[in-house]
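A.B. asks: Sharing a structure, written as structure tokens. Questions coming.
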């Protein structure tokens with residue numbers, strides 16, 4: 001088993017470029033199944049989640065070829081409609097083939113999901129939405145069985161679920177009539193998916209707003225698309241820069257996708273220089289305490305909560321972080337407490353009292369973002385920090401250790 005070893009108390013400075021967005025690339029790969037022929041996705045990160053999604057697509061009969069950071073996906077002939085448990089259990093996002101299989105084949109057999117242990121994240125909203133589009137769905141023996149093609153309808157989501165919005169977008173694009181999704185997710189990854197679908201011939205209006213309208217078409221064609229930059233990877237490195245004073249420049253993403261995080265970093269005492277596709281962060285004074293509440297986009301992303309808690313752990317004062325999206329996301333607090341952080345959990349609130357310093361310790365990554373945040377904590381801790389279960393980190397960060405080293409960090413994989 002691999003571990004990441006961090007020797008702390010090193011200043012960080014320099015420039016790093018983020019890869020394509022994990023949370024977009026995986027859904028774009030699923031969308032490629034909607035059109036016979038070869039679609040090309042560029043700026044695809046080399047991470048283990050993409051490897052798993054490649055296996056899912058190949059299991060369904062597609063051919064996937066990677067050339068550097070580009071994927072060529074040949075979905076000319078699909079030979080199956082089942083996403084098996086052994087693949088879905090490794091990555092929850094593979095359930096997004098539900099919408100693409102319904103759109104392309106009119107049927108799907110998809111295992112109930114796995115993924116990070118951060119909460120239940122039920123697929124009820126996905127199922128309810130597809131049923132409102134006229135798709136027949138049964139759930140038994142751990143599988144979701146879907147039959148039939150989408151028919152235009154008005155769907156009101158009870159929560160702006162990203163996954164449900166994506167599945168509905170894909171299914172409705174090859175459905176009949178007009179579909180309206182209200183209370184749709186507004187994340188940049190939704191707009192990126194809609195951009196690919198539109199390039200394939202779909203008729204979509206309103207992606208990125210709470211109301212999306214889809215006019216069903218008879219067929220889609222392959223397309224060539226560039227994945228947006230990963231805003232969460234960018235935010236992770238910006239927090240690293242704020243922790244270690246910087247200056248650190250993060251390139252390759254749209255800063256407007258991270259606006260609330262940038263606001264909170266400024267409130268914490270960091271100074272930011274924001275460009276068209278980069279942000280430079282530096283800090284010269286103490287970290288100031290800042291209250292944060294996670295919410296769907298454009299609110300503070302739950303995927304940045306653990307990283308920001310690390311910054312608040314060394315703040316000059318007390319603050320509260322409220323988790324409104326996933327109920328188990330505070331599992332990270334127990335691990336950073338092993339490093340000397342003063343964190344108390346009350347329901348979905350984390351009460352944080354800043355300490356003068358963290359100390360290196362053996363810790364375990366409980367999920368993707370918690371793992372990255374523990375490595376960041378090690379950057380400012382006294383002594384050596386050993387982070388285990390780093391396969392979680394490898395799910396979403398390409399060459400995380402290498403990029404940190406390029407900024408001057410003392411980090412290695414063993």
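The values are calculated or read from the model by the stated rules, or taken from the named source; none is laboratory data. Model, not experiment: these values are computed from the prediction. For neighbour counting, all protein chains shown are included, and Cβ atoms are generated from backbone atoms with ideal geometry for every residue, glycine included.
A.B. asks: Of the numbered conditions (1) within 18 Å of residue 378 (Cβ to Cβ); (2) buried (at least 21 other Cβ atoms within 10 Å of the Cβ); (3) touching a strand residue (DSSP E or B) at 6+ places or on another chain (Cβ under 8 Å), residue 311 fails exactly one; give the number of that condition.
C.D. replies: Tallying (1) within 18 Å of residue 378 (Cβ to Cβ); (2) buried (at least 21 other Cβ atoms within 10 Å of the Cβ); (3) touching a strand residue (DSSP E or B) at 6+ places or on another chain (Cβ under 8 Å), residue 311 fails exactly one: (3).
A.B. asks: Then there is this: Within the group 351, 376, which residue is within 26 Å of residue 288 (Cβ to Cβ), surrounded by 15 or more Cβ atoms within 10 Å (Cβ to Cβ) and in contact (Cβ under 8 Å) with a residue 24 or more places away in the chain?
C.D. replies: None of the others qualify; the one that does is 376.
A.B. asks: If we scan the stretch 356-366, do we find a residue that is surrounded by fewer than 20 Cβ atoms within 10 Å (Cβ to Cβ), touching a residue at least 40 places away in the same chain (Cβ under 8 Å) and in contact with a strand residue (DSSP E or B) (Cβ under 9 Å, 6 or more places away or on another chain)?
C.D. replies: Within the stretch 356-366, one or more residues are surrounded by fewer than 20 Cβ atoms within 10 Å (Cβ to Cβ), touching a residue at least 40 places away in the same chain (Cβ under 8 Å) and in contact with a strand residue (DSSP E or B) (Cβ under 9 Å, 6 or more places away or on another chain).
A.B. asks: Among the residues of the stretch 307-319, how many are touching a residue at least 40 places away in the same chain (Cβ under 8 Å) and not in a loop (DSSP other than H, G, I, E, B)? Spell out how you get there, then give the answer.
C.D. replies: Quick first cut of the stretch 307-319, residues touching a residue at least 40 places away in the same chain (Cβ under 8 Å) only: 307-315.
Subset that is not in a loop (DSSP other than H, G, I, E, B): 307-313.
The qualifying residues number 7.
A.B. asks: Consider residue 59 carefully, then state whether it is in contact (Cβ under 8 Å) with a residue 24 or more places away in the chain and closer than 27 Å to residue 139 by Cα.
C.D. replies: yes
A.B. asks: Within the group 47, 4, which residue is within 21 Å of residue 234 (Cβ to Cβ), out of contact with any strand residue (DSSP E or B) (no Cβ under 8 Å at 6 or more places or on another chain) and in contact (Cβ under 8 Å) with a residue 60 or more places away in the chain?
C.D. replies: Result of the check over 47, 4: 47.
A.B. asks: What number of residues within the stretch 320-339 satisfy the criterion of being in contact (Cβ under 8 Å) with a residue 40 or more places away in the chain, within 20 Å of residue 5 (Cβ to Cβ) and either in contact with a strand residue (DSSP E or B) (Cβ under 6 Å, 6 or more places away or on another chain) or in a loop (DSSP other than H, G, I, E, B) (or both)?
C.D. replies: 1
A.B. asks: Touching a residue at least 40 places away in the same chain (Cβ under 8 Å), out of contact with any strand residue (DSSP E or B) (no Cβ under 7 Å at 6 or more places or on another chain), closer than 16 Å to residue 350 by Cβ and in a helix (DSSP H, G or I), is that true of residue 304? Steps first, please.
C.D. replies: Numbers: touching a residue at least 40 places away in the same chain (Cβ under 8 Å): yes; out of contact with any strand residue (DSSP E or B) (no Cβ under 7 Å at 6 or more places or on another chain): yes; closer than 16 Å to residue 350 by Cβ: yes; in a helix (DSSP H, G or I): yes.
Spelling it out, residue 304 is indeed touching a residue at least 40 places away in the same chain (Cβ under 8 Å), out of contact with any strand residue (DSSP E or B) (no Cβ under 7 Å at 6 or more places or on another chain), closer than 16 Å to residue 350 by Cβ and in a helix (DSSP H, G or I).
A.B. asks: Mind counting the residues in the stretch 179-194 that are surrounded by fewer than 19 Cβ atoms within 10 Å (Cβ to Cβ) and closer than 14 Å to residue 29 by Cα?
C.D. replies: Matching residues across the stretch 179-194 total 0.
A.B. asks: A follow-up question, please. Residue 136 is checked against (1) buried (at least 21 other Cβ atoms within 10 Å of the Cβ); (2) modelled with pLDDT of 95 or more and fails just one. What number does that condition carry?
C.D. replies: Result: residue 136 fails condition (1) only.
A.B. asks: So in the stretch 153-164, with the set limited to residues that are surrounded by fewer than 19 Cβ atoms within 10 Å (Cβ to Cβ) and modelled with pLDDT of 95 or more, which one is nearest to residue 128 (Cα to Cα)?
C.D. replies: Per the stated criteria, the residue is 156.
A.B. asks: Given 241, 235, which one is more than 26 Å from residue 31 (Cβ to Cβ) and buried (at least 20 other Cβ atoms within 10 Å of the Cβ)?
C.D. replies: 241
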